[in-house]
Amino acid sequence: MTDYRTCAEINLDHLAHNLHQIRNRVAPARVIPVVKADAYGHGAVACAGRLVREGVTMFAVAHFQEAMELRESGIDQAILVLGRLFPYQLPEAVKAGFRITVFGEEDLRWLEAVGAERPVPVHVKIDTGMGRTGLLASRTDSFLNDLVQCRSIIWEGLFSHFATADEPDKRYANLQLARFRELLGRVRELVRRPSLIHMASSAAILDLPESTFDAVRPGILMYGHYPSRTTSPTIAPKQVMTLKTYVAHVREMPGGHPVSYGRRWSTPGPTRLAVLPIGYADGISRRLTNLGKVLIRGKQYPMVGTVTMDFIMVDVADDPVKVGDEVIIWGESSQGTIQLADVAERIGTIPYELTCMVSKRVRRVYRGTAEAISGIT
């Protein structure tokens, strides 16, 4: 029996394909997949589970809770928490064996106060020009001297993050890289040095191979999308998520009839409308009003009228669209493909935002060789 429900179909074989493409690009560097924000909406536990089967030994997340979700699901591999951990979180984080990011002296004091039985592995975040978090590259000497004297930690990693690697003009990215390299020169003179240097995220993997170092941190590229239209297609990723729904109603509408809130669109003449049971509560941006397109029976049709919480409307002209027909919002299917990058471009955003917006109300259906992961349907 057909299950007429909106779902996000996650192709884990495509995820594995993307991993191998990235590995081939950066070898012999290590790949640290970024699975923050529930793996950009794809499901962190399922994605990490498949990637473990492909030999991944370290993941990166943004927050403590994300790391705990992975650990409690049975992911035993190293987990780097990119965001700050506060004193109340540190004892549990240390017990779970997380790699902890430090941003300055305060973090060292907090770690020393934990009184861990063994040294805690840490990664130092350097701000080379992003302006968000991290030690300013020009102000690291005193901190690094204190760090190498601290016996309560293992200095495992040193990293930074690009601000403009996905833009065609690479001058600022190269400036950041030069600042990081200058710091590495000073680090090599210290009595203790990190074993894992990493800076490249998705865009730098594609366009700045000189930033590969010991490891890379792919995010959106893992899930099948280029970071921007201007990054080089140096690898060929496959879309991991296909967002789909079904036609709930087909309505024969007279000409001049307004459709949806605000009357932002009216039928130009007698019109057949397909009503789809998916809306902004599911992750369809309201900005797609009168701009979006969907795929039905291999043909693209325009979204018309304001995107509502639970429904969108599509003008299907005189075509034989019927109730129950499968509808592709984005992704790959037997009836064709809608590139998420095209959807994002129509409303002036990026693929990251759209996959992260797909809400918990949308059931994730996993395809590939990890369908038997416990608790995942």
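Quick look at the numbers
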item	result
Failed criterion for Phe98 (all others in (1) modelled with pLDDT under 95; (2) under 30 Å from His20 (Cα atoms) hold)	(1)
Test: residue in the range 200-221 that is at pLDDT 95 or above, of a type in the set (Asp, Glu) and outside any loop (DSSP other than H, G, I, E, B)	yes
Total residues in the range 272-285, condition surrounded by 22 or more Cβ atoms within 10 Å (Cβ to Cβ) and touching a helix residue (DSSP H, G or I) at 6+ places or on another chain (Cβ under 6 Å)	1
Qualifying residue in the range 259-279 (condition: under 26 Å from the mean Cα position of the chain (by Cα), modelled with pLDDT of 95 or more and over 17 Å from Asp325 (Cβ atoms))	yes
Total residues in the range 157-199, condition polar (S, T, N, Q), closer than 20 Å to Thr101 by Cβ and either touching a helix residue (DSSP H, G or I) at 6+ places or on another chain (Cβ under 8 Å) or assigned to a loop (DSSP other than H, G, I, E, B) (or both)	2
Sole residue being aliphatic (A, V, I, L, M) and within 16 Å of Val34 (Cβ to Cβ), chosen from Ala248, Ala215	Ala215
Matching residues in the range 1-56 - criterion: being among the charged types (D, E, K, R), within 27 Å of Leu208 (Cα to Cα) and not in a helix (DSSP H, G or I)	Arg30, Glu54
Subset of the range 13-30 (residues that are closer than 18 Å to Phe59 by Cβ and either in contact with a strand residue (DSSP E or B) (Cβ under 6 Å, 6 or more places away or on another chain) or surrounded by fewer than 17 Cβ atoms within 10 Å (Cβ to Cβ) (or both))	His20, Ile22, Arg23, Val26, Ala29, Arg30
Test for Arg186: is it in contact (Cβ under 8 Å) with a residue 40 or more places away in the chain, surrounded by fewer than 20 Cβ atoms within 10 Å (Cβ to Cβ), more than 22 Å from Val26 (Cα to Cα) and in contact with a Ser or Thr (Cβ under 8 Å, 6 or more places away or on another chain)	yes
Matching residues in the range 52-63 - criterion: being surrounded by 24 or more Cβ atoms within 10 Å (Cβ to Cβ) and in contact (Cβ under 8 Å) with a residue 60 or more places away in the chain	Ala60
Strands (runs of 3 or more DSSP E) wholly inside the range 258-324 containing at least 1 residues that are under 17 Å from Ala344 (Cβ atoms) and without any contact (Cβ under 8 Å) to a residue 24 or more places away in the chain	299-304
Residue match in the range 357-366 (condition: of a type in the set (Ser, Thr, Tyr), outside any strand (DSSP E or B) and under 20 Å from the mean Cα position of the chain (by Cα))	yes
Strands (runs of 3 or more DSSP E) contained in the range 58-138 and holding at least 2 residues more than 20 Å from the chain's Cα centre (by Cα)	99-102, 120-127
Residue ID - surrounded by the most Cβ atoms within 10 Å (Cβ to Cβ), chosen from residues in the range 190-238 that are over 11 Å from the mean Cα position of the chain (by Cα), of a type in the set (Val, Ile, Thr) and within 14 Å of Asp166 (Cα to Cα)	Ile205
Residue ID - surrounded by the fewest Cβ atoms within 10 Å (Cβ to Cβ), chosen from residues in the range 295-313 that are closer than 15 Å to Tyr280 by Cα and β-branched (Val, Ile, Thr)	Thr308
Test: Gly49 is over 30 Å from Leu136 (Cβ atoms), touching a strand residue (DSSP E or B) at 6+ places or on another chain (Cβ under 9 Å) and surrounded by 16 or more Cβ atoms within 10 Å (Cβ to Cβ)	no
Boolean, Leu288 is surrounded by 14 or more Cβ atoms within 10 Å (Cβ to Cβ) and closer than 16 Å to Ser260 by Cβ	yes
Selection status of Ile329, surrounded by 17 or more Cβ atoms within 10 Å (Cβ to Cβ), touching a strand residue (DSSP E or B) at 6+ places or on another chain (Cβ under 9 Å) and part of a loop (DSSP other than H, G, I, E, B)	no
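Yes/no matrix, rows are residues, columns are (1) without any contact (Cβ under 8 Å) to a residue 60 or more places away in the chain; (2) part of a loop (DSSP other than H, G, I, E, B):
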{"residue": "Ser232", "(1), (2)": "yes, yes"}
{"residue": "Ile235", "(1), (2)": "no, yes"}
{"residue": "Lys238", "(1), (2)": "no, yes"}
{"residue": "Thr242", "(1), (2)": "no, no"}
{"residue": "Val250", "(1), (2)": "no, no"}
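The values are calculated or read from the model by the stated rules, or taken from the named source; none is laboratory data. Just so we're clear, the structure is a prediction, and the values are computed from it rather than from any experiment. Ideal geometry is used to build each Cβ from the backbone, glycine not excepted, and the neighbour counts take in all protein chains shown.
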